[in-house]
1. Would you point out which residue out of Gly144, Gly92, Gly121, Gly101 is of a type outside the set (A, V, I, L, M, F, W, C), modelled with pLDDT of 85 or more and farther than 14 Å from Leu419 by Cβ?
2. If a residue counts only when it is touching a Pro at 6+ places or on another chain (Cβ under 8 Å) and touching a residue at least 60 places away in the same chain (Cβ under 8 Å), which helices (runs of 4 or more DSSP H) contained entirely in region 206-251 have at least 1 such residues?
3. So which residues in region 366-379 are surrounded by fewer than 21 Cβ atoms within 10 Å (Cβ to Cβ) and either at pLDDT 95 or above or out of contact with any Gly (no Cβ under 8 Å at 6 or more places or on another chain) (or both)?
4. Can you tell me which residue is nearest to Pro131 (Cα to Cα) among those in region 56-88 that are assigned to a helix (DSSP H, G or I) and polar (S, T, N, Q)?
5. State which residue is nearest to Ser416 (Cα to Cα) when the search covers only region 275-321 and only residues that are among the basic types (Lys, Arg) and assigned to a helix (DSSP H, G or I).
6. Of the conditions (1) at pLDDT 90 or above; (2) assigned to a helix (DSSP H, G or I), Tyr403 clears all except one; give me its number.
7. Given the structure, is Gly466 modelled with pLDDT under 90, more than 22 Å from the chain's Cα centre (by Cα) and on the phi > 0 side of the Ramachandran plot?
Amino acid sequence: MTISNPALMSEGGITGTRGVLREQGDAVGLLARVESLPPRGVLVRARVLIGVATFFDAFDVLAIAYVLPTLVGLWELTPQQIGLLISSGFAGQLIGALFFGWLAERVGRLPVATVTVAIFGVFSLACAFAPSYGWLLALRFIQGVGLGGEVPVAAAYINELSRARGRGRFFMIYELIFPLGLLLAAGLGSWLVPRFGWESMFVIGALPAFLALFLRRALPESPRWLIDKGRLTEARAALERIERSAGVTPSHAAAAAAAPMQIVAPDVQAPRRLELLRAPYLGRTLTVWAIWISAYFITYGLTAWLPTVYRTVFKLPVETALQYGLLTSFAGFLGSALCAFLIDKVGRRLWMTVGLIVGGVLLSVAYFVGVSDVRIVLMTASSGYFFIASVATMLYLYTPELYPTRMRAFASGAASSWLRIASIAGPTIIGSLIASGGLDVVFAMLALVAIAGGVVAMLFAVETSGRQLEEVSP
């Protein structure tokens, strides 16, 4: 183990060496206590509160899909303008994911999560008062900055609170809130928009602004992040708070700290510039980026466009178009729920491989059978999305597992930035294809992207199930 963090160094010579060894032992003991934490108390509260923020993140991401069928007629939007409006939010998310991921490594997980939640809540409300297409385009971009920053930082935070045993289920039950947010956005959108107007969706999306007022007081900072920064006194205090809330006795905590041989020691060192693009992380970085691109090119390209496709291509009433979109979102939620309960048994690599390849094959049915019947589109999109949505959700578990604490939030933000790039490209490309009358080609393209992602996962993905984070990522 290499220690280069000045916070863990004492003054020179033998005294300095003893000081470093003592600090190393303390850090290992604290990690042993993290790995022994039962999923109760503050850990449950963290999943709920951070989950609420993630829920509304998902809600706001999909809200635009249920606003668009109304705005198409109201503002006489072209397919290219629709694609640009969808993509503007993702462009903001790209910037937010990179900047706030970087910031979270320096100032902590909770301060950054609080700021990002406030940004996307406040600007969701602003979107409800947008007087024109241009205004909504700009406000969605700024809202996207907050959305893009919150999710990877939240994923790093929840991952760092989790112990190795059962981490997949612990995290995925929290992460289920994201597809649930997509599902509720679809359900409320199909009911609210025809009755109360498109503005109602953005008003509801503003509710997280209130959550930001007390998030930092309700939760402790990540003990793993504090340990990595050499702030062991603060890490100890955060752990004691979590242990008290979970009913862990001081003797139990002392026993965990006294068993360091069961724990992989943290490699506390300063992050190098672009370390995620150097050995030993380059291979896993390129692999996980490819899977993010594949899963989310399909996820947002499909879900953002489907209600509008039903309305403009198949000439369905607005309410029916929105309800069909709801069915596809529900299928995605079911797939993600199944993943939450099976992921620790099946393993990350196998789940990603099967989910993407099977999902791609199902999407290809629309190309070979034809898209003249709306029922074919509905069944094909929903069955394919059942598998692909579970992979998209699981990536928020898998990506933080691949990197050490010193760069976990930034690496997660960098990976999710490819989500944003894919999500910018996906709706825009699909809009162009639909404008030229190529809906069947859209499904062929989505199928190929999914299958390619599945092959990458099969060949190159690193298995992380059941392994301590410090073991997976030295």
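The values are calculated or read from the model by the stated rules, or taken from the named source; none is laboratory data. Just so you know, these numbers come straight off a predicted model, no measurement behind them. No Cβ is skipped: glycine too gets one built from the backbone with ideal geometry, and neighbour counts run over all protein chains shown.
1. Gly121
2. Details: elements: 208-211, 215-218, 223-228, 232-246.
The qualifying helices (runs of 4 or more DSSP H) are 215-218, 223-228, 232-246.
3. Tyr367, Phe368, Val369, Gly370, Val371, Ser372, Asp373, Val374, Arg375, Leu378, Met379
4. Among those residues, the one meeting the criterion is Thr70.
5. That would be Arg284.
6. Among (1) at pLDDT 90 or above; (2) assigned to a helix (DSSP H, G or I), Tyr403 violates only (2).
7. Values: modelled with pLDDT under 90: yes; more than 22 Å from the chain's Cα centre (by Cα): no; on the phi > 0 side of the Ramachandran plot: yes.
When the stated conditions are applied, Gly466 does not pass them.
Each row is one residue, and each column tells you yes or no for (1) over 23 Å from the mean Cα position of the chain (by Cα); (2) surrounded by fewer than 19 Cβ atoms within 10 Å (Cβ to Cβ).
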residue	(1), (2)
Leu31	yes, no
Pro39	no, yes
Val44	no, yes
Arg47	no, no
Ile50	no, no
Ala53	no, no
Ala65	no, no
Thr78	yes, yes
